[in-house]
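Okay, so here's the structure we're looking at.
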Number of protein chains: 2
Amino acid sequence: MTASALDRLLAPRSVAVIGASEDATRIGGRPIAAMLAAGYAGRILPVNPNRREVQGLTCHASVDDLPEAPDAALIAVPARMVPETIAALGRRGCGMATLFSAGFAEAGADGAAAQADLLGRARDAGIRLLGPNTLGVYNVDLGYYGTFSSSLDTGFPRPGNIGIASQSGAFGAHLGALARDRALGSSVLVTTGNEADITVADAIAWMAARDGTDVICAYMEAVNDAPGLLSALDAARAAGKPVIVLKAGRSTLGARAAASHTASLTGDAVVADAVLAAHGAILVRDPEAMMDIAYVASKRIVPRDRSLGVITVSGGAGIVITDEAERIGLPMPEMPAQAQARLKALLPYAAPANPLDCTAQALNDPSLLESFTRAALADGGYGAVLSFLTYVAGSPAMSETILAAMRPLRAEWPDRIIAICGLGAPEVMARYDAEGILVFSDPCRALRAIDAVCVWGAARGAVRRDPPVPPEVALPDRAPDEAEAKRLLAASGISSAPEEAVQGVEAAVEAADALGYPVVMKILSPDILHKSDIGAVRLNLGDAEAVRGAYGAIEAAVRSGAPEARPAGMLVARQLSGGIECLMGINRDPTFGPVAVFGLGGIFVELLDDVALRACPFDEATAREMILSIRGAAILTGARGRPPADVDALAAMLSGLSVFAVGAGPRLRSVDLNPVLAMPEGQGAFALDAVIELDGEA
Amino acid sequence: MTASALDRLLAPRSVAVIGASEDATRIGGRPIAAMLAAGYAGRILPVNPNRREVQGLTCHASVDDLPEAPDAALIAVPARMVPETIAALGRRGCGMATLFSAGFAEAGADGAAAQADLLGRARDAGIRLLGPNTLGVYNVDLGYYGTFSSSLDTGFPRPGNIGIASQSGAFGAHLGALARDRALGSSVLVTTGNEADITVADAIAWMAARDGTDVICAYMEAVNDAPGLLSALDAARAAGKPVIVLKAGRSTLGARAAASHTASLTGDAVVADAVLAAHGAILVRDPEAMMDIAYVASKRIVPRDRSLGVITVSGGAGIVITDEAERIGLPMPEMPAQAQARLKALLPYAAPANPLDCTAQALNDPSLLESFTRAALADGGYGAVLSFLTYVAGSPAMSETILAAMRPLRAEWPDRIIAICGLGAPEVMARYDAEGILVFSDPCRALRAIDAVCVWGAARGAVRRDPPVPPEVALPDRAPDEAEAKRLLAASGISSAPEEAVQGVEAAVEAADALGYPVVMKILSPDILHKSDIGAVRLNLGDAEAVRGAYGAIEAAVRSGAPEARPAGMLVARQLSGGIECLMGINRDPTFGPVAVFGLGGIFVELLDDVALRACPFDEATAREMILSIRGAAILTGARGRPPADVDALAAMLSGLSVFAVGAGPRLRSVDLNPVLAMPEGQGAFALDAVIELDGEA
């Protein structure tokens, strides 16, 4: 959907209220009362056959009687009356309907059928739908309240640049009220309910494209339009607008099977995290943390550097802050020596490294605070400066002095985040905020929110490469055996150990002689995916005699372990050694399509879930980032005297696999390369096994 | 120190102010002004040779001129005048002096010497010291303000049952102001500064013993009195008073060497965490999280069960809460089926499993809220019930109804935590709090704070065993070689593989024949701790010939690799296999004495820092808890088809090692058992190497 289609939803020039009520506490009355109170700039058109007037406005008997084609309609009539209302709105030329009515997909199978029917009718009528089962939308600057949320009973939102998009109505309204109660301004709220048509992704795209919203808070459970969501995230990032996402439903989705097969390594929530983060979303779990980050981002200052300078009047607080900065990885570089010497000259018992402790002496001589803060900005060059001032900042007398000291600094360094941690009456603390100085009561919360914005800025600044264009892959009609799978993958640059598929014991010996000993031998059959489970893999065959013995033993094992399997011969491969065992795979995520997984073998995957995920396709540089992002990456880079592994070869293989997965199309269910042997640097990486699973048989 | 000694510090009947000032903004004037404003119940005795009256009170020319022996004295004179003041106070019979003056240990070596001198004089004079360099104390109920903190400029603390003990003055005062600003009451604040004498541990012990404080918030950097701190924590736990500890300085201490030697596996902060937690401390990193937990604990309800029931008017919020509960491990069991059916009958489209979603319908029919909450308490039996009510709770009209519904439930279940997540004006939300219903604006913060109290309660309820009494261990004069070390440890129940120390190649063969092949052979020398580094260990010796060859090879390796070493023969041991490699060790922590460490070998320790720590001594049950607490514990308990290891034998060995470490006394620097082979269940655990390091040579 183009963003402009949502203009009628979020910035309508006129709105019809179908089922308008005189009673300002009823669903059909609340929006009218709210718009009247907020001075909605457009025209409100109540529709109710039983009234001539509603809340002082002329009421129309039917949609057909409306004096104009409304941009938007709010539908507050029972579910059974909705289809006819939609048809009438279509006839009248209304393009956008918000459907408060419940009793659709959220109410079971019958409701889902009714919702599908309704969507068909709306499309026929040329009408876009918000909902059903939505709490509606608001647009603060226009005074447009197409919502029946009772959150307005405790006050209207303040104008501001934080937009909220939420699948859940009550939770979205909670976020709006949370912003308001901490004196943050919001621009629009969109709650999408059942998402029959318009999704959270559409709302994000609209906010990304329209002035007035600089930060987007999004709450979602299901992702109903994955491509739309990813492109909305990309658009917001391109527009310089951080999107903070709370994706709920982790616990109900994440139950992981214990099997070692890569298909079971990841829950949906983990996949969603990886994909959304790759598209620039800032992921949070707490509503409050979401609002903290939105607050920082609302100032529209995204530092070039992820680095923090700390000014403090308490040595203790300086240590607490340093601890938290280290924990979250926010760098706190030391001040340059010369600047430290200058500050020492000002205050001999100061500790001016970073934190810059100007001690309680700053209470007696507030010029110290200015000097220290100026030094942090000018000499330290920190992207963000946080001053721990606690109750000193809240003292009405001191606050004047502190503001006088910080005002010129705020003006002089417009590209830096300047924040204080202070305690005091809200009206005192609001004065700092009004001058562009962020105010937090908790230093650790301040750090986490500031860092999220710094990290977002750094990732945004990083060069992003277009993913490779996947050539189409011709899949066989049925799941390939190991040799076929490896041949298919080889075309995408995925190397295996030198190997040969053979028929008969003497052909096996001949192949082994040619490959060089030791060799490994395994049954080939499209019907046996997990060969070692039935004893159909033999390792370390050192000579022709061993090959001959193993051939018979494998045949016997297959006869007893998989009597129904169609044998397709034997695979003889050179046995590689001296590498590090990894695994790679592809799983088709129902939401995001093919997702690649990388991990080390063994306990790293079995016990530690130490894997990296990414939606396919991606280039080698991205693959390299994935590989180095796992906790056990040091094993590959030469920890404790080990030779470094060929990470370049792994990255090429992983990227190649991601391209293969997209080229293979939706019939590809999964690929499992386990193990992949990463040889020492310069010596390559080789898939020692390959299993490809396909959906359906052609 | 007995708690009663601190009565004079924290609840004095009279206080002398040495260096009393008329100016209420000066250090010698602030405490007097604060006590006059707060109506201090005791007698204020200003001392200043230049004034007859201070702030309306009779001023005394000198300590000797005081009309009575004051319980406490506040010293606000320059450092050079302090010694004589202390002497005079001693003569006069004052027992407790608070030393605001700075310029002592915090100011360098000269200051440290002055502080030591002062402490000697105070002891001679029979005076206990708070500080120097302290911001002082307050006791809210008495109106006693022995502090010059400017935090009082923004208001006095409210009376309440949260006590604060802080090494840092400004940070302690920040905690006090933080409590006040969120309408939490505090009883006492103690800031200990340089801790020449009185420590945070003393303050905790006092609060543990005295009525009026039910929750203790403690901030510390160094632990200056470890035994005192641990016994204060034990006393608080015994008194049912949670102690919430923010131990700062993690980042400066935690730099870990990469060596595999156990001595380098743990930073001081990790040791402190482990020891404090074992004594019941609730550990936090954020001041705000500290205050959240203190808030929950201040209601003095510690549930029997760690379980949560959630009532919500928003399905979305229910999911967010469930996600966070799962993340932190707070169980949310389902409601009994019968109760669910009953709730379904009340509200057909409710989801009453847990979360219990009574939907926005609760706004129209508030009796639903009561029914659902009652069911959670009565049928669900949850230790804590959290209702997500967002802005509904803050609506003045709804708040009356909600309170009317919850009041009888609060009274009926006095042993359960009942909390709401709500947004609204402070005066509206305060009404819930006044009725014993906890109020949070963020559901995730609520969860974390509630859970901390539940976990504390569960740990407090667990049976605690007295640690074993360590028999004295006679250490040799110098560091023992491997065979001696194993003999020493064997007396504490630590088994090694069957082995024999021999001299000469034929004795080695004879020993190997007797032990059974394969054997392992290593050099014995008190001068070579890391034998394999120089090639002085040979494994897998399968017959007498191999033993003979290895003997010469090891001798040659020692001659070239450690020519100065005094050889003490050769150790021949049966080579065990089939077990899981672990490691155990002892390190003498400068603060907490001998600390035991347990981990798996290899990457778990090298890359993942996956170890468990505990102060020695401890019993086998505690050792078992440690062993099973590491992330890789599943490897020992039979993950993925492996045979379970003999955890009982490991636990016996680890406990035995902890007892040995205490019995060996302060000369024991470290013990390193690496590897320890844990055999399959019932087959024991064996130290394959043992290194004991001692301090000094006798």
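What follows is calculated from the coordinates using simple rules that are stated; it is not laboratory data. Since the structure is predicted, the reported quantities are computational estimates derived from the model, not experimental observations. Glycine gets a Cβ as well: all are built from the backbone with ideal geometry, and neighbour counts include every protein chain shown.
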In degrees rounded to 10, the 0-90 angle between helix A:169-181 Cα long axis and the longest Cα principal axis of chain A is 60
Which far-off residues, 5 or more places away or on another chain, put their amide H under 5 Å from the one on B:Val215, with H placed in the peptide plane? B:Gly163
In degrees from 0 to 90, rounded to the nearest 10, what is the angle of the helix A:268-278 Cα long axis to the longest principal axis of chain A? 70
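Could you tell me the number of lysine pairs in chain B with C-alpha atoms less than 17 Å from each other, where the two lysines are 8 or more residues apart or belong to different chains? List each step's numbers first, then the result.
Values: B:Lys241/B:Lys299; B:Lys486/B:Lys522; B:Lys486/B:Lys531; B:Lys522/B:Lys531.
Lysine pairs, 8 or more places apart or on different chains, close enough: 4.
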Based on DSSP H runs of at least 4 residues, each adding -39500 (n - 2.57), what is the mean residue ellipticity at 222 nm of chain A after dividing by all its residues, to the nearest 500 deg cm²/dmol? -11500 deg cm²/dmol
Can you list the residues, at least 5 places off or on another chain, whose amide H is less than 5 Å from the amide H of A:Val385, using H built in the peptide plane? A:Gly309, A:Ile417, A:Ile418, A:Ala419
Could you work out how far helix B:200-209 tilts from the main Cα principal axis of chain B, as a 0 to 90 degree angle to the nearest 10? 60
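For segment A:1-148, give the share of DSSP beta bridges that are antiparallel, in percent and rounded to the nearest 5; count only bridges with both residues there. Mind dumping the intermediate values first?
Working: 6 of 23 bridges.
Looking only at bridges with both residues in segment A:1-148, the antiparallel portion is about 25 percent.
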Taking the radius of gyration and the Kirkwood hydrodynamic radius from Cα positions alone, what is the Rg/Rh ratio for chain B, to two decimal places? 1.08
So what are the ³J(HN,Hα) numbers for segment B:147-152, from phi and the Karplus equation (6.51, -1.76, 1.60; θ = phi - 60°), rounded to whole Hz, Gly and Pro as x? 8, 10, 5, 6, 4, 5
Output, in nm with one decimal and in ascending order, the distances from the A:Arg327 label point to the matching label points of the other copies (7 Å from Cα along Cα-to-Cβ). 1.3
Cβ-vector label at 7 Å, B:Pro666, separations to other copies in nm: 7.5
Peptide-level mean, for A:392-403, of C-beta atoms on other protein chains within 10 Å: 2
In peptide A:150-162, what is the residue-averaged number of other protein chain Cβ atoms found within 10 Å of each Cβ? 3
For B:Glu564, B:Glu693, A:Glu106, ascending order of other Cβ atoms within 10 Å (fewest first) is B:Glu564, A:Glu106, B:Glu693
What distance in nm separates the two pseudo spin-label positions at A:Ala514 and B:Ala109, each 7 Å out from Cα along the beta-carbon direction? 8.0
For B:Val463, which inter-copy label distances result when the label point lies 7 Å beyond Cα on the Cα-to-Cβ vector, reported in nm to one decimal and in ascending order? 6.6
Take every DSSP beta bridge whose two residues both sit in the protein assembly as shown, then give the antiparallel share in percent to the nearest 5. 50
I'd like the mean, over residues of B:665-675, of how many other protein chain beta carbons sit within 10 Å of each residue's own Cβ. 0
Quick one: 3J(HN,Hα) in Hz for segment A:436-448, Karplus 6.51/-1.76/1.60 with θ = phi - 60°, rounded, Gly and Pro as x. x, 9, 5, 10, 10, 8, 10, x, 6, 4, 4, 4, 5
Could you put B:Val188, A:Val662 in order, starting from the residue whose Cβ has the fewest other Cβ atoms within 10 Å? A:Val662, B:Val188
Most exposed first, judged by fewest Cβ atoms within 10 angstrom, B:Arg478, A:Arg182, B:Arg30 run B:Arg478, A:Arg182, B:Arg30
Inter-probe distance in nm under a simple model that places probes 7 Å from Cα toward Cβ, at B:Ala434 and B:Ala61: 5.5
Give the long-range amide H neighbours of A:Cys358: residues separated by 5 or more places, or on another chain, with amide H under 5 Å away, using H modelled in the peptide plane at 1.01 Å from N. A:Thr312
From the phi angles alone, apply the Karplus equation (6.51, -1.76, 1.60; θ = phi - 60°) to segment A:574-583 and give each ³J(HN,Hα) in whole Hz, x where the residue is Gly or Pro. 5, 7, 8, 8, x, x, 10, 7, 10, 9
What does a probe at B:Val463 reach in segment B:210-253, counting residues whose amide N is under 16 Å from the point 7 Å along Cα→Cβ? none
